[in-house]
Amino acid sequence: MSTNNAPAQPLTFRRYKDGDHRPGRWQDEIFDADHSHKCPTYIQSTPPCQGSCPAGEDIRGYLNIVRGVEKPPAGMRWQEYAWRRLTEANPLPGVMGRVCPAPCESGCNRNQVEDFVGINSVEHFLGDWAIKEGLAYPRPEASTGKTVAVIGGGPAGLSAAYQLARKGHAVTIFDDHEQLGGMMRYGIPGFRTPRALLDAEIQRILDLGVQVRLNCRIGTDITMEELRASFHAVFLGMGAQSGRPLPVEGAEAPNVVTATAFLKAFNDGRMRHVGKRVVVVGGGDTSIDVATVARRLGHIDQIHESDRPERAIAGHVAHDVAEASARQGAEVTLTSLFDIAKMQASKHEVEHALAEGITIRGGMAPIAVLRDASGRATALRIQRCEAKLVGGKLDVKMIEGTEEDVEADLIVSAIGQAVDFTGYEFLNNGRGAVNTDKNYQVANQPGLFAGGDVIRPHLLTTAIGHGAIAAEGIDRYLAGEALEKRPKIDVHAFDLMRKLVEKGMAPGKVDEPLRGTDGHTGVVHNFDNRSDRYVIPHTELFLGHFAYTERHKRHVVTLDAEQALNNFDERLQALTEAQAQAEAKRCMSCGQCFECDNCVVYCPQTAVFRVPKSKATTGRYVDTDYNKCVGCHICRDVCPTGYIQMGLGE
């Protein structure tokens, strides 16, 4: 080879030297007497609570604020700073802090120590505090001039409207009800979501300049074509508010109703009593809501034909005498395909239902509705079964000879919900849902986005997450930008760069390729944010750091059968400020430094040191002197949060 082709400078970052024909042992390279090619790196990961949160809340972030690790800006109280961090993802924390079944708590790594962190209870506290203090969202500084129509004022629509309004777009919500809230108002009883709280959190969104058109159904009052011609983009968040009827013989009886119709009649104030014997078919949280409402409403002995509960559900108003009649308790039975321990309903809701005298029959399937000569249902025939999920599909094995009849004056089907596609038939994918991409843009419909139960009936929190992601897609669409690929782990994560900017330490620019970051001010030395692709498991933590600390639980008013009758007071009471702070301190801050000093104390070479306060911020509490580090791994081993990893370096 000609020497004229030789590089001017020898390569200094080759893996092998010239002439090497096979790799050597990495162990020999990494560990070599008094020095090592392994060094501490600071890796931010997503904690499993956030990875499990359908709304993608920065849970670790606001818990660190509540506990005092991350300090608020000058002049701002920690409660407000935590609330503002929380509401970047979820504008309805007071509601979700009460009714969300909290999958974040199921995923919490603290379960490996003793019990999960009460994330839901801290969210509840912050939501209530913000309403008491009258906090508002800052309005955008400028308008984009773009208009967006949001169909449906439930959690998905409100979330999308909130995020879009913050970005400066003019948003109008269309809803076919008299009030906004969707299933939060018409599907959940007020003793679980107090109406004053719900109204306050909705009004805070409207105060961003969001316009509302109520009692207006798209597809009936306005066509979809007219809407798309009048707005630059449209978001579909109309939910799944049609209940699924029982798929058994005799279910067409007038006193066999769906859970959504039952709860809407109650929340509208039309239904004031139920029959003496009520049977609810379900097993999820909605079926528990129906059962507990029926227990509270009770029955009256002298009932006029026109005052029967199914008449109220159909839209009729009861007579005055029915309103004034003394109520008596109702016998409420809930049947579920799954055993009680495997029901989908929240465990604590099941416990409350049992305490209130509701009978739960697990492992029972409905097979027929028995009717009298007039066609009214008199009983539900059920049969013992064995139900399980196989490959995501329900497999039910009936047990012959186990049939029995449960007498009923009212039967409520709480077996699922469906989307009413009247006026939207072209969007139905044939399975009762809408097809979208990862940005929640409807397939082959540029500018039309969707979220919530129209995609897949799930949690209220899921709908909030859909609305936020769709709003980002709509924002890019309105700006004429390509819709980006969503990250593998789609959550709101702690932003170290934003903290550096807040403290006036923003990194500079890097124009040349870097080999090492220790000598450059344009990047954060030895830091990598893997929050978009890695959820840190408990096996990466030093659990021995955490002592047993009992969870601070919210006080819950438990009623018996007699006390439940006509009692519509809220049962769940918020933590005190001191309890909320103490509960937040139980958070293990998985995947991010919480400034425990373990690495500084245990480093035998004094290589790990605290960053000077003038240069430090949350997430940059310690650094390493690589002239002293010998790669012994001790700092990593004693890091409680798994924030310190060992990577190759010099």
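The values are calculated or read from the model by the stated rules, or taken from the named source; none is laboratory data. Keep in mind that this is a model prediction, so the values were computed, not measured. Heads up, the Cβs are rebuilt from the backbone with ideal geometry, glycines too, and the neighbour counts pull from every protein chain shown.
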Problem set entry | Counted residues, segment 548-581 - those being outside any loop (DSSP other than H, G, I, E, B) and touching a Lys or Arg at 6+ places or on another chain (Cβ under 9 Å) | 6
Seminar exercise, completed: Considering residues that are hydroxyl-bearing (Ser, Thr, Tyr) and assigned to a loop (DSSP other than H, G, I, E, B), the number found within segment 57-97 is 1
For this session: Take ARG586 and decide whether it is in contact with a Gly (Cβ under 6 Å, 6 or more places away or on another chain) and either under 25 Å from GLN50 (Cα atoms) or assigned to a helix (DSSP H, G or I) (or both).
Result: no
Exercise. What pairs come up if the first residue lies in segment 492-505 and is closer than 16 Å to ARG85 by Cα and small (Gly, Ala, Ser), the second is modelled with pLDDT of 90 or more and in a helix (DSSP H, G or I), and their beta carbons are under 9 Å apart, counting only those six or more places apart or on different chains?
Worked result: ALA493/GLN50; ALA493/ARG60; ALA493/GLY61
For this session: Report yes if LEU206 is under 23 Å from the mean Cα position of the chain (by Cα), crowded, with 20+ Cβ neighbours inside 10 Å and among the aliphatic types (A, V, I, L, M), otherwise no.
Result: no
For this session: State all residues of segment 128-146 that are surrounded by 20 or more Cβ atoms within 10 Å (Cβ to Cβ) and either in contact with a Ser or Thr (Cβ under 9 Å, 6 or more places away or on another chain) or on the phi > 0 side of the Ramachandran plot (or both); if no residue qualifies, say none.
Result: ALA130
Exercise. Of these, ALA136, ALA161, which one is in a helix (DSSP H, G or I) and of a type outside the set (Asp, Glu)?
Worked result: ALA161
For this session: Identify, from the list ILE464, ILE474, ILE469, ILE411, the residue that is touching an Asp or Glu at 6+ places or on another chain (Cβ under 7 Å) and at pLDDT 95 or above.
Result: ILE469
Seminar exercise, completed: Exactly one of ALA414, ALA443 is within 23 Å of the chain's Cα centre (by Cα) and among the aliphatic types (A, V, I, L, M), and that one is ALA414
For this session: Filter segment 377-411 down to residues that are surrounded by fewer than 18 Cβ atoms within 10 Å (Cβ to Cβ) and more than 38 Å from the chain's Cα centre (by Cα) and give me whichever is farthest from ARG277 (Cα to Cα).
Result: GLU400
For this session: Of the conditions (1) closer than 21 Å to ALA468 by Cβ; (2) in a loop (DSSP other than H, G, I, E, B); (3) of a type in the set (Val, Ile, Thr), VAL148 clears all except one; give me its number.
Result: (2)
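Out of CYS599, CYS635, CYS639, which single residue is assigned to a helix (DSSP H, G or I) and within 24 Å of LYS499 (Cα to Cα)?
The conditions single out CYS599.
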For this session: Go through the residues of segment 450-470 one by one and say whether even a single one is in a strand (DSSP E or B) and surrounded by fewer than 23 Cβ atoms within 10 Å (Cβ to Cβ).
Result: no
Problem set entry | Within segment 488-510, considering residues that are basic (Lys, Arg) and assigned to a helix (DSSP H, G or I), the one nearest to ALA616 (Cα to Cα) | LYS499
